[in-house]
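The values are calculated or read from the model by the stated rules, or taken from the named source; none is laboratory data. Everything numeric here is computed off the predicted structure, so don't read it as measured data. Please note: Cβ atoms are built from the backbone with ideal geometry, for glycine as well, and neighbour counts cover all protein chains shown.
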Amino acid sequence: MISQKKSQITIFLILGVIMIIVVIMLVVMSKFIGNKNLNVESGSTRKAKFDVQPIKTYITECLAEVSKDGLKKIGRQGGYLFTSQGGTLVDYTQDDRDKFFIEHEGSKVVYNILKPRFDVNEYSAAVPDYPWKFFPYFPSKNDREKFEAQDIFGANMMPALKKTKAQSMQLQLETFVGNNIGNCLDFSTFEEQGFKFSKKENKTIVSINENDVVFKMEFPITVEASSGEKTELKDFLAKHNLRLAKMHDFADTLIENDISNIKFDISKGSSGDFIVEVKRDISGKDDLIIITDKKSLLDNAPYKYFFARKNRAPALHYIKDDKISMTKQMKPTYGFEYKEDPITKKITKKLVITGEEEDMQPLTINLKANEVEIRREKPVKINLDASDADEDTPIFSSASSGVSNFGCPTNDFSFKIEVGDGDDGNPKDYQIITVSMERC
């Protein structure tokens, strides 16, 4: 019996110990779960229980408006955004007008085509050897005609598309958004509702693709509600269905053709969905080129790219007969010579033909639209031709244009044949013609 009672006591002690352990475990677990729930609620408070979507939508709409404004300006201004606008190109002054830009409808349109500036090997940027000495014959005056030479008839000033070069469109647009997004954002309406905002530096990445332009902006903004709850907004995106990459490629090819082929007519450069319009002599003799992409819409209107083209001087075709020899013709005279024989007193009559010089005839030089005529007795005619990179009509002139009396010079003399296009700001291309007079 005693042994049995001891066994029962042992069992009760064991059960009691187990129960104590279970109670302790339940207490510990309940405290742990309570702390965990508290932490979850604290975390939710930091992440905010209020709706921030209206704020995020507002910032996104601002990004869309600012980026659209940048795209419009870069299209109207020859691919550039000025520092006063939030871009990267130093502002031009009015003294720079017609040198670096022309004005059109309130915009400064930058020249994407300038005059040739440098001599390159056998090619010259200055008259009378522009574009090369024996133009259009190459390399000598006895060789074939040539009207194409890469980048010889002008300079391509269109900015690069992406950030491989300075003043690229991509860099300019990123800078423009970064400098202007703050001017668009006005949180006063939200602040009246009790919100507070804390902003950090923004950074924008622009992706210029064939069929769209995407603006990704990283702009950390902490929003705090009146309850003390906080949340952070950071990433924003705006996309425009604008084929800027294709537009850039088309415009760059158009410009390269214009400055590499003097016979290329830019007004006939339309292709597919890209339409080219030329407004001639918009500022002096300088032209405005407008490219319209029918498949790119901004504010429900086709996107346009404007750029200015500087007027370039026409190039005189080399006159191969630049040395002319003229003779004074002899005028034949007829007469009879009578002679008496002193012995027989017989008179004989003889026909005599002598070469008597004509009276002095003036040497005249007459310049017509595309021909120069040098005349004394028999005219010498020289056909004139010229090519103009801006499709202007060449105008020929000479220091001896009209009728000039040179008399009969004792030595060779020269005169200049010039060609221009009516632009007094351009030097005229010219060639010297030498006339050698014989038997004066």
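Taken together, 294, 239, 279 contain a single residue that is in a strand (DSSP E or B) and either among the hydrophobic types (A, V, I, L, M, F, W, C) or over 30 Å from residue 389 (Cβ atoms) (or both), which is 239. Those residues that are crowded, with 21+ Cβ neighbours inside 10 Å and assigned to a strand (DSSP E or B), I need them from the range 109-129; list them, please. Scanning the range 109-129 gives 109, 110, 111, 112, 113.
If you go through the range 299-306 one residue at a time, do you hit one that is without any contact (Cβ under 8 Å) to a residue 24 or more places away in the chain and in a strand (DSSP E or B)?
Kept after step one, since they are without any contact (Cβ under 8 Å) to a residue 24 or more places away in the chain, are these residues of the range 299-306: 300-302.
After this cut, where a residue has to be in a strand (DSSP E or B) as well, the list is 301-302.
Yes, the range 299-306 contains a residue that is without any contact (Cβ under 8 Å) to a residue 24 or more places away in the chain and in a strand (DSSP E or B).
Taking only the range 161-199 into account, find how many residues are among the aromatic types (Phe, Trp, Tyr) and either assigned to a strand (DSSP E or B) or crowded, with 18+ Cβ neighbours inside 10 Å (or both).
Total satisfying the criteria: 2.
Comparison of 319, 282 shows that the only residue that is out of contact with any Pro (no Cβ under 6 Å at 6 or more places or on another chain), within 30 Å of residue 137 (Cα to Cα) and aliphatic (A, V, I, L, M) is 319. Scanning the range 282-298 for residues that are within 21 Å of residue 153 (Cβ to Cβ) and in contact (Cβ under 8 Å) with a residue 60 or more places away in the chain yields a count of 8.
Residue under question is residue 73, and the condition is that it be modelled with pLDDT of 95 or more and either more than 21 Å from the chain's Cα centre (by Cα) or not polar (S, T, N, Q) (or both); does it hold? Against the criterion (modelled with pLDDT of 95 or more and either more than 21 Å from the chain's Cα centre (by Cα) or not polar (S, T, N, Q) (or both)), residue 73 qualifies. Looking at the range 261-276, which of its residues are outside any strand (DSSP E or B) and of a type in the set (Gly, Ala, Ser)? Once the filter is applied, which keeps residues that are outside any strand (DSSP E or B) and of a type in the set (Gly, Ala, Ser), the range 261-276 yields 267, 269, 270, 272.
Screening the range 381-440 for strands (runs of 3 or more DSSP E) wholly inside it with 2 or more residues that are among the aliphatic types (A, V, I, L, M) and modelled with pLDDT of 75 or more returns the ranges 413-420, 429-438. Within the range 130-139, being part of a loop (DSSP other than H, G, I, E, B) and either under 13 Å from residue 317 (Cα atoms) or in the same structural domain as residue 430 (by TED's automatic domain parsing) (or both) holds for 130, 131, 132, 133, 134, 135, 136, 138.
When the residues of the range 221-268 are filtered to those that are under 15 Å from the mean Cα position of the chain (by Cα) and among the small types (Gly, Ala, Ser), the one that is nearest to residue 145 (Cα to Cα) is 260. When residue 272 is tested against the conditions (1) at pLDDT below 95; (2) touching a strand residue (DSSP E or B) at 6+ places or on another chain (Cβ under 7 Å), the lone failure is (2).
Residues that are in contact (Cβ under 8 Å) with a residue 60 or more places away in the chain, crowded, with 16+ Cβ neighbours inside 10 Å and either of a type in the set (S, T, N, Q) or not in a loop (DSSP other than H, G, I, E, B) (or both) within the range 207-232 comprise 213, 215, 217, 219, 221, 223, 230, 231, listed in sequence order. I'm trying to understand the selection: among the residues of the range 307-320, which are more than 23 Å from residue 210 (Cβ to Cβ) and either in a strand (DSSP E or B) or not aliphatic (A, V, I, L, M) (or both)? Passing the criteria: 308, 309, 310, 311, 312, 314, 315, 316, 317, 318, 320.
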